[in-house]
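Here is the structure we will look at, set down as structure tokens.
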Amino acid sequence: MTTSLLPPAPELTHLAQIIQLAVAPVFLLAGLGAFLNVCAGRLARIIDRARSLEPQVLTSRGAEHERLIREVRVLDQRIGVVNTAIFTSVLAAVLISLVVILLFVAFLTGTKVGTAIALLFIAAMTATGAGFAIFLYETRLGTRTIRVRAHILEHEADED
């Protein structure tokens, strides 16, 4: 009589149920991927703006220099905030991946990991919400600090 190190083959219908359970977290991963794409695009635009201001900062003087320095400081702050949103979103994606992995590990081994799965999912949703909230803060920071200067809004072109 030979003994196998592997557990008995699971039922196909049970496997189909596990796959159905894994679909929702996988869709969440797809949504997080799209959100990360938005964050990466925003980060790239902020960095491009900061780089375009660097030469102007070095050649400016007086009030214009102070205005540019303030803008560069805010851009630097925004870079950090977007990086934090990216970090929390990637953390959420990792936690969701662990949820899916544990679903299949439990299926294959018969281990009871329901509590661990629930806690990981709660942590993933917390990280997702934090990423969105941080992103919201960054967008508010960007719109609050980058305003069109009044003399530009009031400027009238000379008649020819």
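The values are calculated or read from the model by the stated rules, or taken from the named source; none is laboratory data. The structure displayed is predicted, hence computed values, not measured ones. Please note: Cβ atoms are built from the backbone with ideal geometry, for glycine as well, and neighbour counts cover all protein chains shown.
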Within the bounds of segment 86-95, is there any residue that is farther than 19 Å from PRO25 by Cα and surrounded by 14 or more Cβ atoms within 10 Å (Cβ to Cβ)?
no
Does ALA34 qualify as being closer than 29 Å to ILE122 by Cα, among the aliphatic types (A, V, I, L, M) and within 14 Å of the chain's Cα centre (by Cα)?
yes
How many residues does segment 18-37 contain that are touching a residue at least 40 places away in the same chain (Cβ under 8 Å) and over 29 Å from LYS112 (Cα atoms)?
3
Can you tell which of VAL105, VAL100, VAL72 is surrounded by 13 or more Cβ atoms within 10 Å (Cβ to Cβ), assigned to a helix (DSSP H, G or I), touching a residue at least 24 places away in the same chain (Cβ under 8 Å) and not polar (S, T, N, Q)?
VAL100
Scan of segment 46-66 for residues that are surrounded by 14 or more Cβ atoms within 10 Å (Cβ to Cβ) and closer than 27 Å to ALA85 by Cα, ordered by number:
ILE46, ILE47, ARG49, ALA50, LEU53
One residue from ALA63, ALA93 being in a helix (DSSP H, G or I) and closer than 17 Å to GLY129 by Cβ
ALA93
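Yes/no per residue for (1) modelled with pLDDT under 90; (2) of a type in the set (Phe, Trp, Tyr); (3) touching an Asp or Glu at 6+ places or on another chain (Cβ under 7 Å):
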{"position": "ALA93", "(1), (2), (3)": "no, no, no"}
{"position": "ILE96", "(1), (2), (3)": "no, no, no"}
{"position": "GLY129", "(1), (2), (3)": "no, no, no"}
{"position": "PHE135", "(1), (2), (3)": "no, yes, no"}
{"position": "HIS155", "(1), (2), (3)": "yes, no, no"}
PRO7 passes all but one of the listed conditions (1) touching a Pro at 6+ places or on another chain (Cβ under 9 Å); (2) at pLDDT below 90; the exception is number (1)
